[in-house]
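The values are calculated or read from the model by the stated rules, or taken from the named source; none is laboratory data. Source: prediction; values computed, not measured. Here Cβ is always computed from backbone atoms with ideal geometry, including for glycine, and neighbour counts include all displayed protein chains. With ligands, DNA and RNA removed, areas are computed over all heavy atoms of the protein, side chains included. Shrake-Rupley method; radii C 1.70, N 1.55, O 1.52, S 1.80 Å.
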There are 2 protein chains.
Amino acid sequence: MNETNPLLRIDLNSPIPVYRQIVSAMRAFLVSGELGQGAILPTVRDLAMDLGVHHNTVAEAYRILADEGWLDLRRGRGAMVLDRPNPSPRKGTREDFVKRVHELVAEAQANGLSKQVLTEEMDKAIGRLSGEAR
Amino acid sequence: MNETNPLLRIDLNSPIPVYRQIVSAMRAFLVSGELGQGAILPTVRDLAMDLGVHHNTVAEAYRILADEGWLDLRRGRGAMVLDRPNPSPRKGTREDFVKRVHELVAEAQANGLSKQVLTEEMDKAIGRLSGEAR
């Protein structure tokens with residue numbers, strides 16, 4: 001995790017709560033396998049210090065990831081990454097994804113990104129998908 | 001707006017604040033032109049009633065969209081849609097988009113959507129982009 005830590009960027013000015021930023025960023029590492037089964041995450045206290053946030057914020061993020069089945073939390077040591085097969089999608093998961101992609105793209109266009117840039121980056125995201133082992 | 005109103009779905013159980021859900025959904029309509037220059041949005045009170053939320057929540061969403069340059073807010077009548085050319089992107093806008101697409105895709109995979117479904121829906125999103133007039 002130490003090498004990937006710089007990628008765990010959080011934005012204290014974002015309207016998205018910090019615990020959710022941590023969850024989203026870590027989940028990306030977990031899904032991609034960059035954080036694989038058996039990996040030990042930094043302790044809540046260490047990560048909170050690294051990020052400059054309250055330790056409750058990190059604890060909440062770890063709790064959510066544990067509830068999702070990604071982490072085993074034991075007192076007194078860092079959280080451990082579990083093997084977590086992807087579940088079957090629930091009703092509405094696909095529709096929710098479509099809506100959120102649509103809104104994200106709209107926001108990016110409103111912020112001035114061109115169609116060309118958006119197309120390039122979405123294509124890259126698709127390419128990364130196909131390149132993964134799962 | 002009346003015909004598009006059913007598309008303004010909000011999820012009271014989502015961790016994303018309702019005012020941000022309203023902003024995101026409306027921005028998508030504004031960017032796509034479904035809500036075009038001169039369109040009058042429902043009053044804060046009417047939309048709040050429709051959605052079953054506090055009128056301050058809707059007022060905050062309208063205020064944010066007005067700050068972004070989308071709406072002209074006048075007392076006593078509904079908000080009016082303004083002509084708003086897309087700005088030049090600021091530094092970091094593209095990187096922010098890439099990060100958020102990556103995290104959104106990871107979340108969708110964690111929720112069980114297959115690569116095939118994700119590829120299909122991203123392709124569609126790209127297709128919608130190219131189909132627009134702007």
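Here are some notes:
- The two copies B and A are related by a rotation, and the chain B beta carbon nearest its axis, with distance in whole angstrom, is B:Met122, 3.
- Sorted shortest first, the separations between the B:Gly69 label point and its copies elsewhere in the assembly read 4.6 nm; each point sits 7 Å from Cα along the Cα-to-Cβ line.
- Chain A: relative contact order in percent, alpha carbon pairs under 8 Å with at least 6 residues between: 19 percent
- Efficiency of FRET between A:Ser88 and A:Arg45 - r from beta-carbon atoms, R0 51 angstrom, step 0.05: 0.90
- Local electrostatic count, B:Gly69, Cβ distance below 12 Å [Lys/Arg +1, Asp/Glu -1]: -2
- Total accessible area lost when B and A pair, probe 1.4 Å, Å² to nearest 100: 5300 Å²
- Chain B: angle of helix B:18-32 to the longest principal axis, Cα-based, in degrees nearest 10: 80 degrees
- Given a 1.4 Å probe and the protein chains as shown, B:Thr57 ends up with an accessible area of around 40 Å².
- Within the listed set A:Pro89, A:Pro17, A:Pro42, the residue fluctuating most in the Gaussian network model of chain A (springs between alpha-carbon atoms under 10 angstrom) is A:Pro89.
- Inter-copy spacing of A:Arg84 label points, which lie 7 Å from Cα along Cα→Cβ, given in nm from shortest upward: 3.5
- Accessible carbon and sulfur surface of the stretch B:1-110 relative to its total accessible area, %, 1.4 Å: 49 percent
- 1.4 Å probe accessible area per residue over the protein assembly as shown, in Å²: 54 Å²
- Across the identical copies, the label point of B:Glu95 (7 Å from Cα in the Cβ direction) is separated from its matches by 3.8 nm, in order from shortest.
- Cα pair count fraction exceeding 22 Å, expressed as % - chain B: 47 percent
- Cα-based helix-to-principal-axis angle, A:115-131 vs chain A, degrees rounded to 10: 50 degrees
- Principal-axis analysis of the Cα atoms of chain A puts helix A:93-110 at an angle of about 70° to the longest axis.
- Taking a ≥ b ≥ c as the square roots of the eigenvalues of the Cα gyration tensor, the stretch B:92-131 is classed as oblate, since a/c reaches at least 1.5 and a/b does not exceed b/c.
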